[in-house]
Amino acid sequence: MVFYESPYRLVKMLDELSVHFGPDRHACVSRELSKIFEENIRGTLSFLSEYYTNKPPKGEIVIVVAGKKV
């Protein structure tokens, strides 16, 4: 699943995804794609929420959430 999100709502969105899909679901938060300051942080939804709570992001944000493991 791919989501485009505002940096101001990122942590809330990660928390909501964690509630619905579980805190251990893997995801990637990509910031400023195709620009000089591009950044990709991968981990679980709970890790990403904690990471961006401590380091508020700037710029355009894309969240990619992994599918459920069978």
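Listing for the model above:
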| quantity | calculated |
| --- | --- |
| Output for segment 1-27, where each listed residue is among the small types (Gly, Ala, Ser) and either part of a strand (DSSP E or B) or under 9 Å from the mean Cα position of the chain (by Cα) (or both) | ALA27 |
| Members of segment 42-69 found to be of a type in the set (Val, Ile, Thr) and over 16 Å from MET1 (Cα atoms), listed by number | THR53 |
| Qualifying positions in segment 28-65 - hydrophobic (A, V, I, L, M, F, W, C) and part of a strand (DSSP E or B) | CYS28, VAL29, ILE41, ILE61, VAL62, ILE63, VAL64, VAL65 |
| Tally, over segment 36-53, of residues that are open to solvent by 60 Å² or more (accessible area, probe 1.4 Å) and acidic (Asp, Glu) | 2 |
| Segment 23-70, residues that are at positive phi and at pLDDT 95 or above | GLY43 |
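For every residue, the table says whether it meets (1) of a type in the set (Lys, Arg); (2) buried (at least 16 other Cβ atoms within 10 Å of the Cβ).
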residue: TYR4; (1), (2): no, no
residue: PRO7; (1), (2): no, no
residue: LEU10; (1), (2): no, yes
residue: GLY22; (1), (2): no, no
residue: SER34; (1), (2): no, no
residue: LYS55; (1), (2): yes, no
residue: GLY59; (1), (2): no, no
residue: VAL64; (1), (2): no, no
residue: VAL70; (1), (2): no, no
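The values are calculated or read from the model by the stated rules, or taken from the named source; none is laboratory data. Please read these numbers as outputs of a predicted model, since none were measured by experiment. Ideal geometry is used to build each Cβ from the backbone, glycine not excepted, and the neighbour counts take in all protein chains shown. Calculation scope for accessible area: heavy atoms of the full protein, side chains included, ligands and nucleic acids excluded. Shrake-Rupley method; radii C 1.70, N 1.55, O 1.52, S 1.80 Å.
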